[in-house]
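Just so it is clear, none of the values below were taken in a lab; they were calculated from the coordinates. None of the values given here were measured: they were computed from a predicted structure. Cβ placement follows ideal geometry from the backbone for every residue including glycine, while neighbour counts extend to all protein chains displayed.
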Amino acid sequence: MIGYLGIDVGSVSTNLAILDREGRVIAQRYLLTHGQPIQAVQKGLKEISSFLPKDLEIRGVGTTGSARQLTGLLVGADVIKNEITAHAMAAIHFHPDVRTVIEIGGQDSKIIIIRDGLVIDFGMNTVCAAGTGSFLDQQSLRLGIPIETFGEHALRSESPVRIAGRCTVFAESDMVHKQQLGCPIPDIVAGLCEALVRNYLNNVAKGKNIERPVLFQGGVAANSGIKKALEGELGTEIHVPQFYAVMGAIGSALLAREKMNGSERSLFKGFGVVDVNCKTRNFICKDCENTCEVIEFMIEERPVSYWGDRCGKWEAQAKQF
Amino acid sequence: MTTRIGIPRALLFYRYFPFWEAFFQTLNFEVVVSRPSHRGLIEEGFKFADDDTCIPMKMAFAHTINIKEQIDFLFLPRLLSLDGKTCACPRLAGLPEMLKYSIPNLPTILDPYVDERHRNSTLFQSFSEMALTLGKKSKGIKQAFQEGEKAYFHSKKRMEKGEKNPELFGKAIEKDPLNNKERLGKKVAVVGHPYCLYDPYFNFDLLKILQQSQVFVYTQEMIPKEVIDLEIRGFEKDVYWDSGREILGASLHYLHTTQIDGLIYLTCFSCGVDSMIEPLVKHRIEEDGKILYLCLMIDEHTGPTGLLTRVEAFLETLERKKSGRRMT
Amino acid sequence: MKLTVPYLGRIDIFLNAMARKIGPEFVFPPRTSSRTLLLGTKYSPESACLPFKFILGNFIEALEKGADTIAMITDRGPCRVGMYDVVMQQILRDLGFQFEWVVMDDTRILGDYLLRFNRERKKRGASFFESLQAIRFSWKKVKLCESIERKAQKTRPLEVKRGETTRVLTDSLRWIDEASSFRELALVDQQCTNEFNRIEKDPSRNPPKILITGEAYMVINPHANHDIERRLGEMGVEVTRTVWFSSQITHALHLDLFNPRSKRKAIEASQPYLKHNLGGECNASIGYPILYQKDGYEGAIQLLPFGCMLEAVAKNILVRVSQEHDLPILTFALSENLSETMIDTRLSAFVDLLQKRREKKRDR
């Protein structure tokens, strides 16, 4: 049985997916990166491999996410692509006529505009975490409400309170103010959801041409309160795909499938990489006044790649390996 | 000992340096330019710059600090209007004062005021007056001016032919003259202020990244002024900023002649000119629908990865469009 | 034609007076509110300056109210204002509005406007003499408004009952707007004077004087500067500002040669600090504090929109002016995010600083 592996390694979460030749998802994993992408990937691979049929042959691997280069080197990827391309690929796979993809993650958010099967515009949050999941995480801690239950609380609200402020800090003080006035929790939670959506639309999605069908994916897509708030602001139905949390991995697997096209020459190093010894080391290069901080990635004690040098000479060294 | 004239590697250096260098060298001055931007230089300089100003201005602060100890005079021309019709961003004309009041122990500033809209502040006149105060004679000044013009037009011609930044400007980029463009699959125009486009520290070496991705890069310098004027004449407003006019005119030209697959507008946070010009460029391109558009806005928090992701996604779509491989 | 223009102080009073006598019909949007700013920010390019966002919001609301023509005086640089027309038209037409935009920059000569004005007045059947009278009347109204505003600036720090001055000011401006003849206007003038005299004042207070200078739109429009004059007045400060509707007109027509506190004089005063006139209010913002210090003003506040191309230069230089003239200068770079508390905090800290300086001087 032929399969394609996709791995999306982000700063907050790592997700993996394996698709068959027809593009059906046969396995998926979602775990937290916890600041250690290599360990997360190895753990994820170990876990996902236990679900697989014995005769599965991986014919292509794709990686994406902020740690895509590192992961690609570790596992032997055939395709390494940015998150926008990967997410768009997955979205179109499940909804071929999709025109807008809204993605709200833990710390990054994106919007992707698709026309005729091509990404023609996109937006990413830059400095600010407004319009990302972290906004909710902090408030859930304050309110003592688990983030997973936010949705059901929000849906019970009949009149969400208006929480102002572009910034988490301002929003929090406003929220406390409303709490102290005795506003019921569902109304506050619903208000928070609306505030996040407003921030997202004013920030990440500003100036973008949002048209339906609209897909909503990313870790926060499970939150039905946010979905409702989005539908309210945009005035259109929002679709949450079945595999909303692992779309990046699915997209990478699809990209691998597209590239390899059935050929047998995948660079995949096999699931054995879970046991490989990897190390990352950093040092300051003193060869010029830029004093770049260079990151060195080693597999089994051998340096495999370098990042962080402005002049590129360390990177060039890695290409020799 | 030869007198040393210091020129910060910032702002209009990236357009007119060949002129200035030839002018001063012909008059037997030593021209001292600050080092190419690097982290230490920038971090040091930004401390002195006002928060509310744009990054290119802050870089001028940084580069001034880099050379101020090694020179006799600091050259900061106020080039308000070089063609008698358009004007430059007013911040450029206020730069000498902004530096003077923020950085201690600056050498004497040479700040010829050039406004070709008025008879007694032409380029020749202002530069001559400056050279006279430095003790040079008229005959020599005239010759120096001619050398300056020659050098400037020479560099202009090279850029019109497609050279991205003649070696003078810092890190040399692999030349890819026009006859390469058929070999390279994707054609992308990159427009913006020269100091955004040609300082590789500022834009994370964007031009090099593009060229390494098999992209032929078109710039606004490749379009002769007459063509830009023609495009602006056909536009609903005669834009009064020289840089804005050039950017808009070039973008319209590329749009109308459709020789390119995509256009990247490279700008920085808090640029007044770009805040008005970019929406105009974006609108025209999106309305037309044939060229892919990307606006890259760089601010002090921009990191290389964010920029790279955006550029990659942009190029991915260009690839797919050309090869017909849609994502279905 | 239903014409709308951007708010510039009480330009609405001036134009309403004209409109009632000889037309054209002016459609003013509702007074600038948070909805205005919301609309403006939503549809403006993100990096557009604050006046752009306010004015766009005003235009949207005016078009919603039925305006079909927009006019705005602009220039050809060096700041962004000259480009507002193209960019705003693009946005408004994309939103589906239909309108004509009357370009008013110096590419058109005065003669063109006079011709158009003449056409309009003929349409309404008003004679040339009537038109002149109408302009005289409207101008008189504006001057009266401004003298009332100045009275309020002087009275507010002395008022015993907080808010009374503002109440009288609001009433006065309404009466002026409603007056429909020279005679009525004269009566209103007297009425306003009486009302102001009736305000209970504590003459023993010796309020410090602060100058408000900076970018024109921010200085003259209370909705843009968070009503800074009222705030300072209620903190016991006498203020004046450098931008008035009438002074902008007289400066543009070069009629301010003899006013010692004119923009012309302010630009002259800035010479030692900024050799060349960069345009806008930039040089004036540097020179005005120097001039007004001579009149006993103890501090100055510079208002500018965040990212303002010109005032950012002035801001830099004012630091040196402040040092060399021993004049405290506070700068506010306003954006749509600035909250009320932030403004009040900084203003009261500034006022405290001025009080302390006074005490120090007295002790010497």
For the pair B:E226 and A:N282, how long in nm is the line joining their label points, each one 7 Å along Cα→Cβ? 5.6
How big is the dipole moment of the protein assembly as shown about its Cα centre under a simple scheme where the beta carbon of each Lys and Arg is +1, that of each Asp and Glu is -1, and everything else is neutral? Debye, nearest 20, please. 1660
Top positive-direction residue, dipole computed over the protein assembly as shown with Cβ charges, set B:L79, C:G23, C:A300: C:G23
Given Cβ charges of +1 for Lys and Arg and -1 for Asp and Glu, the option among B:I67, B:H118, B:S155 whose Cα lies farthest towards the positive end of the dipole of region B:4-159 is B:S155
Given 0.36 nm per residue, what is the gain on full extension from B:E30 to B:E44 after removing their alpha carbon distance, in nm? 2.5 nm
What distance in nm lies between label points placed 7 Å from Cα along the C-beta direction at C:Q98 and C:N118? 3.1
I'd like the Karplus ³J(HN,Hα) series for region C:65-78: coefficients 6.51, -1.76, 1.60, θ = phi - 60°, whole numbers in Hz, and an x wherever there's a Gly or Pro. 7, x, 5, 10, 9, 10, 10, 8, 7, 10, 9, 10, x, x
Quick one: which residues, 5+ away or cross-chain, put their amide H under 5 Å from the amide H of C:R241? H built at 1.01 Å from N. C:I212
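Add -39500 (n - 2.57) for each DSSP H run of 4 or more in the protein assembly as shown, then divide by its residues: what number comes out at 222 nm, to the nearest 500 deg cm²/dmol?
My calculation for the protein assembly as shown gives -14500 deg cm²/dmol from helical runs alone.
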Roughly how big is chain B's charge dipole about its Cα centre, with Cβ charges of +1 (Lys, Arg) and -1 (Asp, Glu), in debye to the nearest 20? 800
Dipole-positive endmost among C:G57, C:G125, C:G96 within region C:2-126 (Cβ charges, Cα centre): C:G125
Using a 10 Å cut-off on Cβ to Cβ distances, tally the other chain neighbours for every residue of B:302-314 and report the average as a whole number. 5
Whole-Hz Karplus ³J(HN,Hα) for region C:324-335, in order, using 6.51 cos²θ - 1.76 cosθ + 1.60 and θ = phi - 60°, x for Gly and Pro? 6, 9, 6, 10, x, 10, 9, 10, 10, 9, 8, 9
Work out the FRET efficiency for C:A349 and A:K208 from their Cβ-Cβ distance, taking R0 = 56 Å, and round it to the nearest 0.05. 0.85
From the backbone phi of region A:229-245, what are the Karplus-calculated ³J(HN,Hα) couplings (6.51 cos²θ - 1.76 cosθ + 1.60, θ = phi - 60°) in whole Hz, Gly and Pro given as x? 5, 4, 4, x, 5, 8, x, 8, 6, 10, 9, 10, x, 4, 9, 3, 8
For C:V102, list long-range residues whose amide hydrogen, built 1.01 Å from N in the peptide plane, is under 5 Å from its own amide hydrogen. C:I70, C:A71, C:M72
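Which of A:I226, C:I220, C:I91 comes first, and how do the rest follow, when ranked by fewest Cβ neighbours within 10 Å?
Fewest-to-most Cβ neighbours within 10 Å comes out as C:I91, C:I220, A:I226.
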Could you work out the mean count of beta carbons from other protein chains within 10 Å of each residue's beta carbon in B:266-272? 4
Once you put a point 7 Å from the Cα of C:E268 and another 7 Å from the Cα of C:S335, both along the Cβ direction, what distance in nm separates them? 3.9
Quick one: Debye curve from the C-alpha atoms of the protein assembly as shown, no solvent, what's log10 I(q)/I(0) at q = 0.08, 0.09 Å⁻¹? -0.94, -1.16
For a paramagnetic label modelled at 7 Å from the Cα of A:M298 toward its Cβ, which residues of region A:268-283 fall within the zone defined by backbone nitrogen distances under 14 Å? A:277-283
Using Stokes-Einstein with the Kirkwood hydrodynamic radius over Cα pairs, what translational diffusion coefficient do you get for region B:165-323 at 20 °C and a viscosity of 1.002 mPa s, in µm²/s rounded to a whole number? 134
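Give the peptides A:68-74, B:223-229 in descending order of average Cβ contacts within 10 Å, highest first.
A:68-74, B:223-229
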Find the percent of Cα-Cα distances in region B:4-159 that exceed 19 Å, and round it to a whole number. 54
Order the peptides B:8-17, C:321-330 from the highest to the lowest mean number of other Cβ atoms within 10 Å of their residues. B:8-17, C:321-330
Grab the other residues whose beta carbon is less than 11 angstrom from that of C:A269, score K and R as +1, D and E as -1, and report the net. +4
Using the Cα centre as the reference, give the magnitude of the dipole from point charges on the C-beta atoms of region A:55-159 (Lys, Arg: +1; Asp, Glu: -1; all else neutral), rounded to the nearest 20 debye. 240
Taking R0 as 56 Å, what's the FRET efficiency between C:R320 and A:E57 from their Cβ-Cβ distance, rounded to 0.05? 0.15
Tell me whether region A:156-209 comes out rounded, prolate or oblate; compute the Cα gyration tensor, take square roots of the eigenvalues as a ≥ b ≥ c, and use a/c under 1.5 as the rounded threshold. oblate
